[in-house]
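The values are calculated or read from the model by the stated rules, or taken from the named source; none is laboratory data. All of these numbers come straight from a predicted model, not from anything done at the bench. Quick reminder, even Gly has a Cβ in these numbers, built from the backbone with ideal geometry, and neighbours come from all protein chains shown. Just the protein is used for accessible areas: all its heavy atoms, side chains included, with ligands, DNA and RNA removed. Shrake-Rupley method; radii C 1.70, N 1.55, O 1.52, S 1.80 Å.
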Amino acid sequence: MKLHEAIEKLLQQNGRPMTTSEIAYELNKNKWYQKKDGSEIQPFQIHGRTRNYPQLFNRNGSTVSLIGQKNIKVSSPIIQTEKPKTKITEVSKNLVLLEKVLMNEKNFKNASDIDNLVPSNSGLYCIRIKNYKVFPEPFDRVLEERKHNIIYIGIASQNLKKRFLNQELRANGHGTFFRSIGAVLGFKPPKGSLKNRANKKNYKFSTSDESKIIEWINKNLLVNWVEFNDDFESLETNLIQKYLPLINIAKNPLSVKELSDLRAECVRIANS
């Protein structure tokens, strides 16, 4: 039985929506699906697998239900069990698996197709470019030398939908990635737009330019995310230092100077 089939069977049997944590717990207990490496199923794997089968599953944050399944709560006896302490080796194994799920190119989706898919939970996200040649010099050359198409890795410590989708990809708020990608593409903020603002660095582009940047993002970028709620900073730092994403500046030992210069120019224009 495949994982999505086991999830479907469990939801049919319970007759109600379940959280990803509940599903993972029950499947680890009933053994309907077992991983090749023998490790336990994790909630983020349930999230990822159900996301790949929108014809079968409805998803609302961390809650999963079958298409057409009514939101009926079925009372069941509460079994008090002592949760075993997680060993450090198990945590390490889970983080390795989480990285594999996040970075696996097969899991990436077109940026234009995700507005109704991104959950409102905390997590990490990764952004790739379909063809590095659409970048201007020297950014195309840098990606060619690094032999990958990874351009950004970030964290949403509270809400992926708000931080990753709305701010970074849709210009609703102050997204670090959105400001950087706009600068790389040659866009500039309106002159003096930060002059009377308390924050002198969070420049924004004009509404028309934001629309052009979003159109470019939807056409050229691939994205993926995983739900996560633990030591964000350490994991993000490790991933950035390992993959050296093009658009990451902080924590990146090989950050691109030209990107910092373009951002500084945008800040100067917005404050002039």
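Size estimate for the chain follows the Kirkwood approach: the inverse of mean 1/r over distinct Cα pairs works out to 20.5 Å. Within region 48-69, what residues put their amide N at less than 20 Å from the label point 7 Å along the Cα-to-Cβ vector of Gln12? Residues 49-59, 64-69 fall inside that zone.
For Arg146 and Glu105, the difference between the fully extended length at 0.36 nm per residue and the C-alpha to C-alpha distance is 13.1 nm. With R₀ fixed at 22 Å, the C-beta to C-beta distance from Lys219 to Asn172 puts the FRET efficiency at about 0.70.
Amide H contacts of Val64 (H built 1.01 Å from N, in plane; Pro and chain starts excluded): Met18, Thr19, Thr20 sit under 5 Å, all sequence-distant by 5 or more or on other chains. Around Asn149, which amide H atoms from residues at least 5 apart in sequence, or from another chain, sit under 5 Å from its own amide H, with H modelled in the peptide plane? Amide H neighbours of Asn149: none. At R0 = 30 Å, how high is the FRET efficiency between Asp261 and Asn116 if r is their beta carbon distance? Nearest 0.05 is fine. That gives a FRET efficiency of 0.20. As a calculated quantity, the FRET efficiency between Thr63 and Asp37 at R0 = 30 Å, using C-beta atoms, amounts to about 0.65.
Element breakdown for the chain at a 1.4 angstrom probe: carbon and sulfur atoms account for 49% of the accessible area. Dipole check for the chain: with +1 at the C-beta of Lys and Arg, -1 at the C-beta of Asp and Glu, and the Cα centre as origin, the magnitude is about 360 Debye.
With θ taken as phi - 60° and the Karplus curve 6.51 cos²θ - 1.76 cosθ + 1.60 applied, the whole-hertz 3J(HN,Hα) list for region 141-148 is 5, 4, 5, 4, 5, 7, 6, 8 Hz, x standing for glycine and proline. The trypsin sites (Lys or Arg not before Pro) of region 98-155 meeting both criteria, a DSSP state outside H, G, I, E and B (loop) and at most 14 other C-beta atoms within 10 angstrom of the site's C-beta, are Lys130, Lys147.
Amide H of Phe57 versus every other amide H placed in the peptide plane: which residues, excluding those fewer than 5 positions away on the same chain, fall under 5 Å? Here Ile67 satisfy the definition. Using θ = phi - 60° in the Karplus curve 6.51 cos²θ - 1.76 cosθ + 1.60, the 3J(HN,Hα) couplings for region 100-116 round to 4, 5, 5, 8, 5, 4, 5, 8, 7, 10, 4, 4, 6, 10, 10, 4, 9 Hz; x is entered for Gly and Pro. Taking every protein chain into account, the accessible area of the chain amounts to 55 square angstrom per residue (probe 1.4 Å). Packing here is the average count of other Cβ atoms within 10 Å per residue, and on that basis the peptides 179-185, 233-239, highest first, run 179-185, 233-239. Calculated mean residue ellipticity, 222 nm, the chain: -12000 deg cm²/dmol, from DSSP H runs (n ≥ 4) at -39500 (n - 2.57) each, averaged per residue and rounded to 500.
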